[in-house]
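The values are calculated or read from the model by the stated rules, or taken from the named source; none is laboratory data. Fair warning: this is a prediction, and the values are worked out from it, not measured in the lab. Positions of Cβ are generated from backbone atoms using ideal geometry, with glycine treated the same way; all protein chains shown enter the neighbour counts.
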């Protein structure tokens, strides 16, 4: 090997290392930010607690009354837990038997009361054959009631529907009140 070739080979190796270091640096810089290039990421973008695919349980005394899952749980220290993405909350009676399931886009589990507030495309399907639809509902853990101040659509097991504003019911939707009924009933003879 000539002197010229050895010199060229050393320069070629140095250039390769320099190129690899530049590429690695560029990858590290580009992976460090979720925003546009040059934007600094602050700690304000992070939550105190963020859990993917969580399963949480709500108890009253020693009995589990709700088991809920979602795509994500977000919670700041001392604040209520927020469930987002395909929230599914299963309701249980005093004997631990499943009695209904709530589906929603998101929900808040209140830190002190353990109430559950569901938002967006809320549907409650009871094992007794009733279905409730609303934009938002509240599950009151103390009184074991499902309530809503919004418009509701209730469908019974015979596929009859009732609409109104304001709603209160037990967990299986069999004992309910609609406060401002909309529509009319025709009695069957």
Task: Selection count where residues are closer than 21 Å to residue 60 by Cβ and under 17 Å from the mean Cα position of the chain (by Cα), scope region 123-134 - done: 1
TODO: Go through region 175-184 residue by residue and tally those that are modelled with pLDDT under 90, in contact with a strand residue (DSSP E or B) (Cβ under 7 Å, 6 or more places away or on another chain) and assigned to a loop (DSSP other than H, G, I, E, B).
DONE: 1
Task: Positions within region 157-173 being crowded, with 16+ Cβ neighbours inside 10 Å and closer than 22 Å to residue 98 by Cβ, in sequence order - done: 167, 168, 169, 170, 171, 172, 173
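Rundown of residues vs (1) over 19 Å from the mean Cα position of the chain (by Cα); (2) at pLDDT below 95; (3) assigned to a loop (DSSP other than H, G, I, E, B), yes/no style:
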{"residue": "139", "(1), (2), (3)": "no, yes, no"}
{"residue": "146", "(1), (2), (3)": "no, yes, no"}
{"residue": "150", "(1), (2), (3)": "yes, yes, no"}
{"residue": "154", "(1), (2), (3)": "yes, yes, no"}
{"residue": "158", "(1), (2), (3)": "yes, yes, yes"}
{"residue": "162", "(1), (2), (3)": "yes, yes, no"}
Open item on the list: Can you find, within region 82-101, the residue that is surrounded by the most Cβ atoms within 10 Å (Cβ to Cβ) among those that are more than 10 Å from the chain's Cα centre (by Cα) and free of Cβ contacts under 8 Å to residues at least 40 places away in the same chain?
Closed with: 92
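Every residue, every condition in (1) assigned to a strand (DSSP E or B); (2) under 24 Å from residue 53 (Cα atoms), yes or no:
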| residue | (1), (2) |
| --- | --- |
| 91 | yes, yes |
| 99 | yes, yes |
| 123 | yes, yes |
| 129 | no, no |
| 133 | yes, no |
| 173 | no, no |
Task: Selection from region 63-78 of residues that are exposed (fewer than 14 other Cβ atoms within 10 Å of the Cβ) and at pLDDT below 85 - done: 76, 77, 78
